[in-house]
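Undergrad: My questions will all concern the structure given below.
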Amino acid sequence: MYVWDFTPVLANAGLLAQGLVNTLKVTGTALACGLVLGLALALMRLSRRRLAAWPAGFVIEVFRTTPPLVQLFWFFFALPLIIGVEMTPFLAAAVTFSIQSSAFFAEVFRGGIVSIERGQWEAARAIGMTQPQAMRRIILPQAVKRMIPAFMERAIELMKTTTLVATIAYADLLFAANEIAQKTFRPLETFTVAALIYFVVITAFSLAARRLERRFAVSGETTVH
Amino acid sequence: MQWDFASVLANSDALLVGAMGTLRIFAICLVAGLGLGLVVGLGRYSRRRWFYWPATAFVEFFRNTPVLVQILWFYFALPILMPFSISPLAAASLGISLNSAAFSAEIYRAGIQSIERAQWDGARALGMSFLQAMRRIILPQALKRMTPALTNRAIEIFKMSTLASAVAYVELLQQAKLIASLNFNPIEAYTAVAVIFFACLWPMVQLTYFLERRLARDE
Amino acid sequence: MTILHVQGLAKRFGSHEVLSGIDLDVAKGERIAILGASGSGKSTLLRCINFMEMPDAGTVTLDGKVVGRRERELTAVRQRIGMVFQQFNLFPHMTALGNVMEGLRTVRRMPKAEAAARAERELARVGLSDKAAHYPAHLSGGQKQRVAIARALAMDPELLLFDEPTSALDPELVGEVLGVIRALAEEGCTMLLVTHELGFAYHVATRVIFLADGAIHEQGTPDEVLKDPKKERTRAFLARHKEFSL
């Protein structure tokens, strides 16, 4: 019978904590960049100008239809040779996951924008708004509200995807767990603890997301006094 | 710089071996993941507590942990509890299949729930048992509604198959790593596998779009 | 004094010709009711005047200046021509006051306090001062349409376009909206009104236009067109609206 012993894992709790911080760092960076870039890609793809729509469509389709690990390897091993710039694991991960999530966010944005009734555009145009003004003041605020559940789901997917950085030796939570497992010869305890940490953090995020969705679902519909 | 795909083509036999590996794990996980997902999905729909709660716990756990963590757990941690060792293929298949089962279970559940009560009533009125009604009346209708989401899952499984390279299972990405390190041509090697994956997944993605449009039109 | 001059306005959707060369002059203070069967091009005519639809041919001249097709000219013209829609099209994420302020703030760049004061005056004009803080979801159809009218009025339009403003309303709510439009008429607002309310058109309009097949079939004073139509099709149209009582 195997005797479980978590003390070696606890002794390395600092490494795991640092790993978790690094995981959150990659997730946060990719989320922030991905949202901004995703909105830009969505607006380009919706544009009537082919010169804007086609490249955006290309980026979106390529990053949605290739495996993220292949993208990560390409950005880490291939891109530095092409552009002649040294890539740190963090930079490669941030770039890959920013673009990758922006491709998904772009489709979320696009779906939200096209879901807004034509009458809203017309009413905005009828009081003399320009296209960008109508988008910013009338369409996006309504669209974003509808997109929140999809955003949350994507953000959680992103956090799970960031574990791939461990394969290019970025010291995220999974990489830290792997190090500890090899050092202490306690892979069972270490990987179990790592899995539980992910489970707790991601579950907490999805619970928070669900609450936020409910809040947004009711706000704006109520009367302000 | 000069692109030199000749060095990749020279290793096309290695890529072929990788492609076979990718297809093998994809097929295993597709069948196991979507099959087990149906069972778990029925559990999520069930009113029996001994069935509902384990299914729910399963779904929550596997949806809320990264699949790569699951694969590494099965590869490094599980063998300690087992009297035998676990191959890279087995570890990766377990991780990807269980993860896919959790996600597809929710697709099945939503699909089954979307069928109107009247269909159940009609089937039960004919004297069908729960399982007969499910198999003959409910599932066939629900499956049609679920097809786009399930094809999407298949695409995700195909993409996830690359994670098997983390435990050195021989598939396309693993072979690209090998070719890149042997020939010092990471640009061409990784670009080549990216293109191969894109070429395989693009038709599947288009199929999903088509199915979504057809479903939207039919309903 | 002519403020709007429309010449040779044409529009087709695919192979279907909706407007085939409309000529129309609108003088300041005129109230023109546009009638016609569904599909006769009434709404399209209205929507081409403020370029919600791009006309395929013809010109729109506002205050002696031909309107071009550049974005800047179009937004400028739309600020001077207000439009009220059948489906209200209020902005659901803004309060009634916010809806009325929106054009002033975003398009006119008016300071917030000033825009709010102006918006409150417009809401008072349509009798909805007490609903200023309500979101559209909490307003009745009639109230929504009155907010939409206030939103158009806030921009000081030289001309108001009403596109079947009461067609989407429950019968008991029609009166309050027509009341607001009648009050505007009494203030001397210039307006083009597409409507099925023939009685209202008779009492409020200074001129009635009957459209058929995308062209002006007959026009004149309400008495001429509604009581003593010269053309057969106009007569047939009026006969079909039996509830019409002058």
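The values are calculated or read from the model by the stated rules, or taken from the named source; none is laboratory data. No experiment lies behind these values; they were computed from the predicted model shown. Here Cβ is always computed from backbone atoms with ideal geometry, including for glycine, and neighbour counts include all displayed protein chains. When the accessible area is computed, the model is the full protein with side chains, heavy atoms only, and any ligands, DNA or RNA have been set aside. Shrake-Rupley method; radii C 1.70, N 1.55, O 1.52, S 1.80 Å.
Undergrad: Hey, can you list the residues from segment C:82-104 whose accessible area shrinks by 30 Å² or more with all protein chains present, relative to the chain by itself (probe 1.4 Å, no ligands or nucleic acids)?
TA: Checking the loss per residue gives C:Phe85, C:Asn89, C:Phe91, C:Pro92, C:His93, C:Glu102.
Undergrad: If I take R0 = 51 Å and measure r between the Cβ atoms of A:Leu81 and A:Leu51 in this structure, what FRET efficiency does the formula 1/(1 + (r/R0)^6) give, to the nearest 0.05?
TA: Details: r = 29 Å, r/R0 = 0.58.
Using R0 = 51 Å, I get an efficiency of 0.95.
Undergrad: With charges set only on the Cβ (+1 for Lys and Arg, -1 for Asp and Glu), what does the dipole of chain C come to about its Cα centre, in debye to the nearest 20? Could the numbers behind the result be given before it?
TA: Numbers: 32 positive and 31 negative charges, 113 e Å.
In total the dipole reaches around 540 debye.
Undergrad: Could you state, as a whole-number percent, how many of the C-alpha pairs of segment C:134-246 are farther apart than 17 Å?
TA: 58 percent
Undergrad: Quick one: buried accessible area between C and A, total over both chains, 1.4 angstrom probe, nearest 100 Å²?
TA: On the way: alone 11400 and 13230 Å², together 22400 Å².
For C against A, buried area totals roughly 2200 Å².
Undergrad: Once both labels are modelled 7 Å past Cα along the beta-carbon direction, what's the A:Met1-B:Gln206 spacing in nm?
TA: 6.0 nm
Undergrad: Here is a further query. Leaving out ligands, DNA and RNA, what percent of the accessible area of segment A:7-218 is carbon and sulfur, probe 1.4 Å? Write down the numbers at each step before the final one.
TA: Working: 6330 of 9290 Å².
On segment A:7-218, the fraction of accessible area on carbon and sulfur atoms equals 68 percent.
Undergrad: For segment C:2-239, with every protein chain kept in place, what is the accessible area per residue (1.4 Å probe, Å²)? Kindly include the intermediate steps, with their values, before the conclusion.
TA: On the way: 9460 Å² over 238 residues.
So segment C:2-239 comes to 40 Å² accessible per residue, rounded to a whole number.
Undergrad: With r as the distance between the Cβ atoms of B:Ser46 and B:Ala125 and R0 = 25 Å, compute the FRET efficiency 1/(1 + (r/R0)^6) and round to 0.05. Don't jump to the answer; show the numbers that get you there.
TA: Numbers: r = 22 Å, r/R0 = 0.87.
Rounded to the nearest 0.05, the efficiency is 0.70.
Undergrad: Using a 1.4 angstrom probe on protein heavy atoms only, which residues from segment B:73-93 are buried by at least 10 Å² of accessible area when all chains are present rather than their own chain alone?
TA: B:Trp73, B:Phe76, B:Ala77, B:Ile80, B:Leu81
Undergrad: Give me the percent of the accessible area of segment B:177-219 that comes from carbon and sulfur atoms, probe 1.4 Å, all protein chains in place.
TA: 68 percent
Undergrad: If you line up the long axis of helix A:187-218 against the longest principal axis of chain A, both from Cα atoms, how many degrees apart are they, to the nearest 10?
TA: For A:187-218 against chain A, the angle is about 20 degrees.
Undergrad: Straight-line reach from C:Lys131: which aspartates and glutamates fall under 13 Å, measuring Cα to Cα and dropping same-chain residues less than 8 apart?
TA: Filter leaves C:Glu120, C:Glu122.
Undergrad: Total accessible area buried between chains B and A, 1.4 Å probe, in Å² to the nearest 100?
TA: 3300 Å²
Undergrad: Ok, one more. Using Cα positions and a limit of under 16 Å, work out the aspartates and glutamates in reach of A:Lys183, with same-chain residues fewer than 8 apart set aside.
TA: A:Asp5
Undergrad: Treating cross-link reach as a plain straight distance, find the aspartates and glutamates whose alpha-carbon is under 16 Å from the alpha-carbon of B:Lys177, omitting any fewer than eight places away in the same chain.
TA: Here the aspartates and glutamates satisfying the reach criterion relative to B:Lys177 are B:Asp13, B:Glu188.
Undergrad: Taking only Cα atoms of the protein assembly as shown, what ratio of Rg to Rh do you get with Rh as the Kirkwood inverse-distance radius?
TA: Across the protein assembly as shown, the Cα-based Rg/Rh ratio is 1.09.
Undergrad: Using a 1.4 angstrom probe on heavy atoms only, work out the carbon and sulfur share of the accessible area of segment C:167-246 in %.
TA: Details: 1950 of 3890 Å².
Carbon and sulfur together cover 50 percent of it.
Undergrad: Another one. Using only atoms on other chains, find how many Cβ atoms lie within 10 Å of each Cβ of peptide A:186-198 and report the average.
TA: 5
Undergrad: Now a separate question. For segment B:54-190, what is the accessible area per residue in Å² when the probe is 1.4 Å?
TA: On a per-residue basis, segment B:54-190 sits at 40 Å².
Undergrad: Name the residues of segment A:46-68 whose accessible area falls by at least 10 Å² when all protein chains are present instead of the chain alone, probe 1.4 Å?
TA: A:Glu61, A:Val62, A:Arg64, A:Thr65, A:Thr66, A:Pro67, A:Pro68
Undergrad: Run lengths n ≥ 4 of DSSP H only: what is the helix-derived mean residue ellipticity at 222 nm for the protein assembly as shown, with -39500 (n - 2.57) per run over all residues, to the nearest 500?
TA: Dividing the helical sum by the residues of the protein assembly as shown leaves -20000 deg cm²/dmol.
Undergrad: Please work out the average accessible area per residue across chain A, using the 1.4 Å probe convention, and give it in Å². Please report the intermediate quantities before stating the final value.
TA: Working: 10460 Å² over 225 residues.
For chain A, the solvent-accessible area averages 47 Å² per residue.
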